[in-house]
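Worksheet for the structure shown next.
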Amino acid sequence: MNSQAKNIRVDFVTGSRKASNLFWASTLSLGASGFSIVGFSSYLQNNLIPFLSADQVSFVPQGLIMCFYGIAGLFTSSYLWCTIWWNVGSGYNRFDKRKGTLSLFRWGFPGKNRRILIEFFIKDIQAIRMEIREGLLPRRVLYAKIKGQQDVPLSRIEEYSTIEEMEDEAAELARSPKISIEGV
């Protein structure tokens, strides 16, 4: 998703509000709740929920371990739900030809540094680098290679479904300021 004007290009970056994160947060919440209920049921020696039987589970050590894993899972799922709620990682990349700047804006976790805004001069960009790793967990990321600094990611890891789509985006970014492309 991008928005273009004559001298300004804005590419929006999605954050943690993705279907996969919603799926894993829901799955983890349900599983952790089940573990906690069975663990507490074994402690009370009474089934709190009829279809989650704890009759065959003794509290020490199985019920205690199930309570521990359930509580740990609930903390982890709470973290996932918070990142989804705050949409951590979302923002935009703004290329301004008039000012000659590249601005990267991202939302972080709540606090005094929630808004993350980094600006670079376009003249300091040496290249647009493409990182492509195929296999079980493919990785396709575009980076801006900045003079004297670390490479700055311009996209999410799973943003591009095909290599051609990624190459087109890299070519479009590099065309206007006449920057080279690496990693093709």
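The values are calculated or read from the model by the stated rules, or taken from the named source; none is laboratory data. Computed from a predicted model, the values in this text were never measured in an experiment. Here the Cβ positions follow ideal geometry from the backbone for every residue, glycine too, while neighbour counts run over all protein chains shown.
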(request) Give region 67-89 a look and list any residue that's modelled with pLDDT of 95 or more and among the small types (Gly, Ala, Ser), or say none. (result) Gly70, Ala72, Gly73, Ser77, Ser78
(message) Can you say whether Arg129 is under 18 Å from the mean Cα position of the chain (by Cα), surrounded by 12 or more Cβ atoms within 10 Å (Cβ to Cβ) and either on the phi > 0 side of the Ramachandran plot or not small (Gly, Ala, Ser) (or both), as far as the supplied structure shows?
(response) no
(message) I'd like the full set of residues that are touching a helix residue (DSSP H, G or I) at 6+ places or on another chain (Cβ under 9 Å) and surrounded by 17 or more Cβ atoms within 10 Å (Cβ to Cβ), limited to region 94-124.
(response) Phe95, Leu102, Trp107
(message) Could you check region 137-184 and list, in sequence order, the residues that are within 25 Å of Arg17 (Cβ to Cβ), part of a helix (DSSP H, G or I) and not acidic (Asp, Glu)?
(response) Met166, Leu173
(request) Return the only residue of Tyr143, Tyr92, Tyr69, Tyr79 being among the aromatic types (Phe, Trp, Tyr) and over 25 Å from Glu159 (Cα atoms). (result) Tyr69
(request) Give Ser29, Ser20 a once-over and let me know the one that is closer than 30 Å to Asn93 by Cβ and part of a helix (DSSP H, G or I). (result) Ser20
(message) I'm told Ser77 meets every condition in (1) under 30 Å from Thr27 (Cα atoms); (2) surrounded by fewer than 18 Cβ atoms within 10 Å (Cβ to Cβ); (3) among the small types (Gly, Ala, Ser) except one. Can you identify the failing condition by its number?
(response) (2)
(request) Kindly indicate whether any position in region 99-112 is over 26 Å from the mean Cα position of the chain (by Cα) and within 30 Å of Glu167 (Cβ to Cβ). (result) yes
(message) outside the structural domain of Lys145 (by TED's automatic domain parsing), within 30 Å of Pro153 (Cα to Cα) and either in contact with a strand residue (DSSP E or B) (Cβ under 7 Å, 6 or more places away or on another chain) or surrounded by 13 or more Cβ atoms within 10 Å (Cβ to Cβ) (or both): which single residue out of Ser26, Ser33, Ser41 fits that description?
(response) Ser26
